[in-house]
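See below for the structure under consideration.
Only the coordinates and a few stated rules stand behind these numbers; no lab work does. All values derive from a computational prediction rather than experimental measurement. When we count neighbours, we look across all protein chains shown, and the Cβ atoms used for this are built from the backbone with ideal geometry, even at glycine.
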Amino acid sequence: MREQMNPTVEKILGNIDKVMTGKRNVAELSLVALLSGGHVLLEDVPGVGKTMMVRALAKSVSAQFRRIQFTPDLLPSDVTGVSVYNPKEMEFQFRPGPIMGNIILADEINRTSPKTQSALLEGMEEQSVTVDGVTHTLEKPFFVMATQNPIDYEGTYPLPEAQLDRFLLKMKMGYPELHEEMEVLSRAQKTFPIQELKPVVTLEELRVLQQAVKEVIVDDTIKRYIVELSSRTRGDANVYLGVSPRGSIALMKAAQSYAFIYGRDYVIPDDIQYLAPYVFAHRIILKSEARFEGITAEDVVNRVMARVPVPVQRHVT
């Protein structure tokens, strides 16, 4: 029997469903990241609705939406902003870049150079950006949803490990089923549904939800389970670099958010098992011989979960 979803979260997801057909799990995971203060990396081929998902989420929560279209000639200052001299005032004035928003779409992030990709790092991790020695605090909530084309596409730059580690979750959209794609055509026949989408919660309500997520209980047995899973990835024979402690923290925070979404004030092992592939896989670097044999990071995570004993759930009152 499926658990009762938090009413406010259900309202947000229902609103996104008006635009996105058959992508409830992607919308749900996006909210997991947003509520826990993390960021999302969406990887898939063009045209499956990655950009539309971000816009629908931003509209649903009354967020200030900003889009950064990453191109090979984009500069770091095009992301963070730049100080411009004002001769009338005889001083430099800061002109904010598109990173100064609530929900940021970093579109096709792997089409730009690593130097420009790294311009997002401080904002994603520190909730601030530094321009010409001056630190500018970003307004909360601050949420980056980056999209990238598969790395074997021409004209792409693989994201550095440090950049990948800043994303709480990495997931794929996937092609819709036949009946879902027919529904997409029907909805888009006269107008684009995104144009008619209305907010269902305010930013202040979203901040309250984010604060409530932090109060979700994580028992020590669950923490030990998370640490055991991440530790086992480091010792796997196919892994060159395993999950870092930051990955363990990310899984715990994501699990708190997921538990909250389903109306619980405590995390259970099922939450960890569901989220681990989305949180851990992009943080694992495989050995070259493992990649040659067709082994994936998801395979490693699933094998580790199969080997680590699941903690006995204690009743939480």
### Query
Whole-Hz Karplus ³J(HN,Hα) for segment 119-124, in order, using 6.51 cos²θ - 1.76 cosθ + 1.60 and θ = phi - 60°, x for Gly and Pro?
5, 7, 4, 4, x, 5
#### Entry: Cβ-based net charge around residue 279, under 14 Å, with every Lys or Arg adding one and every Asp or Glu removing one
+2
### Query
Which residue fluctuates the most in the chain, going by a Gaussian network model with Cα springs under 10 Å, if the choices are 157, 85, 266?
85
### Task
Output the relative contact order of the chain, whole-number percent, from Cα pairs under 8 angstrom with separation of 6+ residues.
22 percent
### Task
Considering only 277, 87, 72, give the residue with the highest GNM mean-square fluctuation for the chain, with springs between Cα atoms whenever their separation is below 10 Å.
87
### Query
What is the ratio of the Cα radius of gyration of segment 86-146 to 2.2 N^0.38 Å, where N is its residue count, to two decimals?
1.26
### Task
May I ask you to list the aspartates and glutamates whose Cα is less than 18 Å away from that of residue 18, ignoring any residue fewer than eight positions away on the same chain?
10, 28, 177, 180, 181, 183, 196
### Task
Taking amide H positions as placed in the peptide plane 1.01 Å from N, state which residues far from residue 67 in sequence (5 or more) or on other chains have amide H under 5 Å from it.
105
#### Entry: For segment 123-139 versus segment 186-258, the gap between their alpha-carbon centres in whole angstrom
23 Å
#### Entry: J(HN,Hα) series, segment 247-253, from Karplus relation 6.51 cos²θ - 1.76 cosθ + 1.60, nearest Hz, glycine and proline x
x, 4, 4, 4, 5, 4, 5
### Karplus-derived HN-Hα couplings along segment 209-214 (A = 6.51, B = -1.76, C = 1.60, θ = phi - 60°), whole Hz, x at Gly and Pro
5, 4, 5, 5, 4, 5
### Given (1) 31, 24, 18; (2) 31, 25, 22; (3) 28, 22, 19, the label whose value is semi-axes √(5λ) of the Cα gyration tensor in Å derived from this model
(2)
### Task
Please report how many Lys pairs in segment 121-234 have alpha carbons closer than 23 angstrom, counting only residues at least 8 apart along the chain or sitting on separate chains.
7
